[in-house]
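Please read the structure below before turning to the comments.
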Amino acid sequence: MPPSLPGLHHITALSGAAQDTLNFYADVLGLRLVKRTVNFDDPMTHHLYYGDAVGRPGTLLTFFPWPQAQPGRPGAGMVQALSFGIPAGTLDDWADRLEAADVAIQRAERFGAPVLSFGDPSGLSLELVATDASNDTAWTEGPNPPEAPLQSLHAPTLPVFPDDRTPDLFTDLFGWEPVGTDGDRLRLQAPDAPLAPAVDLLRRDRHPSGRMGQGTVHHIAFRARNADEQAQWQAALRDRGVQVTEVKDRRYFQSIYFRDPDWTSGLLFEIATDGPGFLIDEDENTLGETLQLPSSLSNRRDEIEAALPTLVPPRP
Ligand code: ZN
């Protein structure tokens, strides 16, 4: 078994209309749309990936647009909020930028760092947290580039129950370390992760019951450096009695999934490989500009394109 899981890979959420999400993440938050493809399990709907300049693991937020769905509600078994790290000293600039875009913000402090909280157009809870972490491939060429771009995913909030074994999953299996508590939060951190190294477990006796819908997180994915390490994690989970899926080919990475009421508090977890990555079917300078389909769907391109809404990138 590898010594530790090297941080977050991506987070996937359900959104409302894809265009509203594109306008918000590309124009207001300044992320790059690094891939437009379809949900391989439901190919008449988009799967849109946002991240840094190259879609590096640890920077990725992906959406299944679900415009007909009701608004969801975060709660037990779902990621409650997700965070991005911004350079230290830039929180006030970000507050101004969000307010200029009519985004209502709240300020807080957590683990000694200032935090801005707000919702995206679908109601997904987001946070910006000042950190020292930096990413040399942060995206700086969007339609309205921020002076201090988002660097990577930061510690998302995972609701868990006090007597479940989610902390043990991170410490005993994944090789992460507890690095502190703040109220009923326990922060766990990967010892060897260049980006997105942490999660916050929110340990409470009760959490509201969640409901999947617009503005809720579907799952959270952690990194495996390669398929060999992923297979070792799969075997290690099975050794502990956790039901894990077979390896699924997601074209840009390979994935295994598991959800266990004890080990994950019911949250859906994924372990995704770093490769092959987003440059497998597009050049870096045209990432995300055209619909990419796996070969198994390429003979249905006309039908799929006719079913999908048109997406217009925001202009400067
Ligand atoms: Zn995923």
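The values are calculated or read from the model by the stated rules, or taken from the named source; none is laboratory data. These figures come from a predicted structure and were not determined experimentally. Cβ atoms come from the backbone with ideal geometry, glycine included; neighbour counts cover every protein chain shown.
Considering only segment 156-164, I want to know if a residue exists there that is within 20 Å of Thr131 (Cβ to Cβ) and within 16 Å of the ligand (Cβ to nearest atom). Yes, segment 156-164 has at least one match.
For segment 1-40, the set of residues classified as touching a Pro at 6+ places or on another chain (Cβ under 7 Å) and modelled with pLDDT under 95 consists of Phe40 only.
Of the strands (runs of 3 or more DSSP E) lying entirely inside segment 1-111, the ones with 3 or more residues being within 15 Å of the ligand (Cβ to nearest atom) and closer than 18 Å to Thr216 by Cβ are found at 8-15, 42-51, 60-65. Within segment 188-201, the residues that satisfy the criterion of being surrounded by 21 or more Cβ atoms within 10 Å (Cβ to Cβ) and either part of a strand (DSSP E or B) or among the acidic types (Asp, Glu) (or both) are Leu188, Ala198, Val199, Asp200, Leu201.
The residue that is farthest from the ligand (Cβ to nearest atom), among those in segment 260-277 that are more than 17 Å from the chain's Cα centre (by Cα) and of a type in the set (D, E, K, R), is Asp262. Select, from Phe118, Phe170, the only residue that is part of a helix (DSSP H, G or I) and either modelled with pLDDT of 95 or more or within 21 Å of the chain's Cα centre (by Cα) (or both). Matching residue, one of Phe118, Phe170: Phe170. Among the residues making up segment 256-285, none is over 26 Å from Asn226 (Cα atoms) and part of a helix (DSSP H, G or I).
Let's see how each residue does on (1) polar (S, T, N, Q); (2) in a loop (DSSP other than H, G, I, E, B); (3) closer than 18 Å to Pro74 by Cβ:
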{"position": "Leu126", "(1), (2), (3)": "no, no, yes"}
{"position": "Ala130", "(1), (2), (3)": "no, no, no"}
{"position": "Ala133", "(1), (2), (3)": "no, yes, no"}
{"position": "Thr137", "(1), (2), (3)": "yes, yes, no"}
{"position": "Thr140", "(1), (2), (3)": "yes, yes, no"}
{"position": "Pro143", "(1), (2), (3)": "no, yes, no"}
{"position": "Leu150", "(1), (2), (3)": "no, yes, no"}
{"position": "Ala155", "(1), (2), (3)": "no, yes, yes"}
{"position": "Leu158", "(1), (2), (3)": "no, no, yes"}
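For segment 202-241, taking the residues that are free of Cβ contacts under 8 Å to residues at least 40 places away in the same chain and surrounded by 14 or more Cβ atoms within 10 Å (Cβ to Cβ), the one that is nearest to the ligand (Cβ to nearest atom) is identified as Gln234. Once segment 242-255 is narrowed to residues that are surrounded by 18 or more Cβ atoms within 10 Å (Cβ to Cβ) and polar (S, T, N, Q), the residue that is nearest to the ligand (Cβ to nearest atom) is Ser255. Every listed requirement among (1) at pLDDT 95 or above; (2) closer than 21 Å to Arg97 by Cα; (3) surrounded by fewer than 22 Cβ atoms within 10 Å (Cβ to Cβ) is met by Leu153 save one, (3). Considering only segment 285-292, I want to know if a residue exists there that is within 13 Å of the ligand (Cβ to nearest atom) and within 30 Å of Gln70 (Cβ to Cβ). Within segment 285-292, none of the residues are within 13 Å of the ligand (Cβ to nearest atom) and within 30 Å of Gln70 (Cβ to Cβ).
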